[in-house]
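So the structure is just underneath, and the comments pick up after that.
Here, each number is a calculation from the coordinates, and none is a lab measurement. In this text the structure is predicted, and so the values were computed from the model without any measurement. Methodologically, a virtual Cβ is constructed for each residue, glycine included, from the backbone with ideal geometry; neighbour enumeration extends over all protein chains shown.
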Amino acid sequence: MKGLFSALLVPFDENGQIIEQGLRDVVRFNIDVQQIDGLYVNGSSGENFLLSTEQKKQIFQIVSDENKGKVKLIAQVGSLNLNEAIELGKYATELGYDSLSAVTPFYYKFTFQEIKAYYETIIRETGNDMIIYAIPALTGVSMSMAQFDELFQNEKIIGVKYTDGNFFLLERLRKQYPNKLIYSGFDEMLIYGAISGVDGAIGSTYNVNGKQAKQIWDLCQTGKVAEAYEVQHKTNDLIEKILELGLYQTLKEILNVKGIQAGTVKQPMSSLDPAKKDAVKHLVEKYEL
Ligand code: SI3
């Protein structure tokens, strides 16, 4: 369960339907070309929170079928509807997903005891392992060290996908929990996670730039931090452009340029402005994606 995981992009057509062949091709591209170690399925990058339960299941099934046991699979099943989270968790577990993950419940100001009960319920009902998905910037849920301490007492909670820039807390977690899996979530901060001793990273841009991310990762593992930093600089030039053009729209357009039918994003997100297509093509050439 260590290494680089792509937070899988999902191709949608103009009507918001999953493009099955496109999805299969994105999975293959990640495994064969980007050489990632695993896939994080139905996360933010999969536009999960815009999908129906049936679509989420369809994605879990197609990805598992196309993967054929090649790389590790993590199923993000978190939902404000706990019944849905359980249903998805059971489904992904039956399909053989290596672990579940669930975003901290958001929108309502849940108490920590409610958040803890949410994780315990999914674990009890599915019997699978759980990786907490902590992304305070989007959920508004910032957990303290004491709260992580309480959650990590449960041995089925095997780790955290840590999408945050609080490296003090990350360091405290790493020291206190050498046996829990910690995944760095922000691709533009990969080097800081890697030198802090995380077990891996999960990110959207690895779908198109996994090889370069792997260089940063490998250089850090062998203590070549200055060299890793050079690659991170180049990577962040690219990520900066991607964020300017529109994150998921641009990542999908990059795949489209590479000949993969990655479709578009799901409404209410808006499709890439056609005037930006040339800029995306330029990125593919300039960064040799
Ligand atoms: O699917 C997912 O859950 C993610 O991709 C999470 C991941 O942390 C990404 N965050 C979001 C909100 O997309 C990052 O990979 C992010 O896209 C990247 O660092 C660019 O900011």
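Quick notes on this structure:
- Helices in the chain, meaning DSSP H runs of at least 4 residues, each add -39500 (n - 2.57). Divided by all residues, the mean residue ellipticity at 222 nm is -14500 deg cm²/dmol.
- Inter-centroid distance (Cα atoms) of the range 225-268 relative to the range 177-203, Å: 20 Å
- Quotient of Cα Rg and 2.2 N^0.38 Å for the range 91-197, N being how many residues it contains: 1.05
- Sorted peptide list for 42-53, 203-214, 271-282, 101-112, criterion being average Cβ within 10 angstrom, highest first: 203-214, 42-53, 101-112, 271-282
- Near-label residues of the range 125-160 by backbone N, under 16 Å of a point 7 Å along Cα→Cβ of Lys109: 139-143
- Enclosed volume per residue, in Å³, of the convex hull spanned by Cα atoms of the range 110-269: 146 Å³
- Binned Cα-Cα distances of the chain, short to long, each 10 Å bin given as a whole percent: 6, 30, 37, 22, 4, 0
- You can think of it this way: the chain between Asn179 and Leu50 has 43.0 nm of extra reach, that is 0.36 nm per residue less the Cα-Cα gap.
- Cut-off under 5 Å, modelled amide H: who pairs with Ala7 long-range: Tyr40, Gly203, Ser204, Tyr206, Asn207
- Antiparallel bridges, percent of DSSP beta bridges restricted to the range 3-286 (to nearest 5): 5 percent
- Theoretical FRET efficiency, 1/(1+(r/R0)^6), r = Cβ-Cβ of Glu84 and Lys258, R0 30 Å, to 0.05: 0.35
- Close amide H contacts of Val77 (hydrogens built in the peptide plane, cut-off under 5 Å, sequence separation of 5 or more or a different chain): Ser101, Ala102, Val103.
- Overall shape of the range 174-289 was characterised from the C-alpha gyration tensor. The equivalent ellipsoid obtained from it has semi-axes of 29, 16, 11 Å, in decreasing order.
- Our summary gives the chain a relative contact order of 21 percent, counting only alpha carbon pairs under 8 angstrom and 6 or more residues apart.
- Summarised as an ellipsoid, the range 195-258 has semi-axes of 24, 12, 10 Å, derived from the eigenvalues of the Cα gyration tensor scaled by 5 and square-rooted, with the largest first.
- With semi-axes defined as the square roots of five times the eigenvalues of the C-alpha gyration tensor, the equivalent ellipsoid of the range 60-149 measures 25, 13, 12 Å, largest first.
- Over all directions, the projected convex hull of the C-alpha atoms in the range 6-71 averages 4.0 nm² in area.
- HN-Hα J in Hz across the range 207-215 - Karplus 6.51, -1.76, 1.60, θ = phi - 60°, x for Gly and Pro: 4, 10, 10, x, 5, 5, 4, 5, 4
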